[in-house]
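Heads up: the structure comes next, in structure tokens.
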Amino acid sequence: ESQVGKDLYQVTFEGNCFTSKRQAVQYALIRAAEVAQKNNDSYFIILDKAAETSGSQQIITQNIFTFDDLREYLGLAIIGTSASTVSTSPTCTLMIKTFNEKPHCENYLTVSDILNTNADILSQRNK
């Protein structure tokens, strides 16, 4: 990840040939939650998201997520990505803004919710 401004970070997850687009998005969200947590923040919003398929020029971009998109994520669905190409090495980049206090918008994510929802992935990674 890289800090691009005050409480503003670009987080990228690069998969391999065994990673699905869904996993790339999921791992990028986990990493975004970890970045917020590392900076003692409890919330974040996704300002922009780009998913790229390696070996092609196709880039899928979506601005600010809706509440329905977030609800779908928590059900482990792919958030707002669709593509007609087959992914061999998916990459997902998120531009996030972190907050210590609950932001005054409905599109926020809670760090603890993301990390708890993905506890099984985190425990496998930490082995």
Considering only segment 31-127, give the helices (runs of 4 or more DSSP H) lying wholly within it that have at least 3 residues that are modelled with pLDDT of 90 or more and out of contact with any Leu (no Cβ under 8 Å at 6 or more places or on another chain). 111-117
Residues within segment 30-44 that are crowded, with 21+ Cβ neighbours inside 10 Å and closer than 10 Å to L94 by Cα, tallied: 1
Can you tell me which residue within segment 1-29, out of those that are farther than 15 Å from T91 by Cβ and touching a residue at least 60 places away in the same chain (Cβ under 8 Å), is most open to solvent (accessible area, probe 1.4 Å)? V4
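The values are calculated or read from the model by the stated rules, or taken from the named source; none is laboratory data. Small disclaimer: the values here were computed from a predicted structure and weren't measured. All Cβ positions, glycine included, derive from the backbone under ideal geometry; neighbour counts span all protein chains shown. In case anyone asks, the SASA skips ligands and DNA or RNA and just uses the protein heavy atoms, side chains included. Shrake-Rupley method; radii C 1.70, N 1.55, O 1.52, S 1.80 Å.
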